[in-house]
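Report on one structure; see the data block that follows.
The values are calculated or read from the model by the stated rules, or taken from the named source; none is laboratory data. What you see is a predicted model, and the numbers here were worked out from it, not measured in a lab. No Cβ is skipped: glycine too gets one built from the backbone with ideal geometry, and neighbour counts run over all protein chains shown. Keep in mind that these areas ignore ligands, DNA and RNA; they rest on the heavy atoms of the full protein, side chains included. Shrake-Rupley method; radii C 1.70, N 1.55, O 1.52, S 1.80 Å.
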Amino acid sequence: IILFERPVRVGDVITIGNTTGAVTNIQIRATTIRNWDRQELLVPNKALITGNLLNWTLADQVSRLVIPVGIEYGSNPRLALELLARAAAANPRVLADPAPTVAFSGFGDNALMLELRCFVESLEQRVPVATELHLAIAEMLQEHGVGIAFPQRDLHLTTSEPLEIRLHEEKG
């Protein structure tokens, strides 16, 4: 079935189980996948037919990036969404069609959660474009005084007696 229906071809990038990589060889009994660490996995063809298989490149190479961004509570989410959209528009490797989208995805424990969704031409561009977008977003948010959130915890102490507090002075 693999050889005749061709759900995967040599060169396709696929995910099967917890492994993602490029198909390097298809034989009668097994298919070889080389992951991003250049390790080769032999997968019985039966697993490709009966298991869940994601072929990233079967129809085309275009791939979507999702960049989650958490901003501090009290920040202006409309401004932050505009900055995310500007970062995508300024990157020449982000496709105009389909157009990038930005969303206010929710209220997190420590942040207002935003997302930038955009497309790139190929899987090879995913990591470099994601890096470029992260850098641009961080710089733009900083320039406009929008803080990137980080986990914060409140500590509540309850005691039946007053707490003893001592200060130590370092010598030197």
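Working only within segment 119-135, note down all residues that are among the aliphatic types (A, V, I, L, M) and open to solvent by 50 Å² or more (accessible area, probe 1.4 Å). Within segment 119-135, Val127, Leu135 qualify. Of the strands (runs of 3 or more DSSP E) lying entirely inside segment 29-118, the ones with 1 or more residues being crowded, with 17+ Cβ neighbours inside 10 Å, touching a helix residue (DSSP H, G or I) at 6+ places or on another chain (Cβ under 7 Å) and of a type in the set (S, T, N, Q) are found at 30-35, 63-71. The selection criterion, being assigned to a loop (DSSP other than H, G, I, E, B), more than 21 Å from the chain's Cα centre (by Cα) and either farther than 30 Å from Leu116 by Cβ or charged (D, E, K, R) (or both), holds for Arg9. Among the residues of segment 128-149, the ones that are out of contact with any strand residue (DSSP E or B) (no Cβ under 8 Å at 6 or more places or on another chain) and of a type in the set (A, V, I, L, M, F, W, C) come to 3 in all. Of all residues in segment 28-48, none satisfies the criterion of being farther than 13 Å from Gly17 by Cα, touching a residue at least 40 places away in the same chain (Cβ under 8 Å) and among the aliphatic types (A, V, I, L, M). Residues of segment 136-172 that are modelled with pLDDT of 85 or more, open to solvent by less than 100 Å² (accessible area, probe 1.4 Å) and either among the hydrophobic types (A, V, I, L, M, F, W, C) or at negative phi (or both): Ala136, Ile137, Ala138, Met140, Leu141, His144, Val146, Gly147, Ile148, Ala149, Pro151.
Counting the residues of segment 133-172 that are within 22 Å of Leu65 (Cβ to Cβ), assigned to a loop (DSSP other than H, G, I, E, B) and of a type in the set (Val, Ile, Thr) gives 1.
Pairs are defined by a Cβ separation below 9 Å, a sequence spacing of at least 6 or placement on different chains, a first member in segment 130-145 that is aromatic (Phe, Trp, Tyr), and a second member that is assigned to a loop (DSSP other than H, G, I, E, B); no pair meets this definition.
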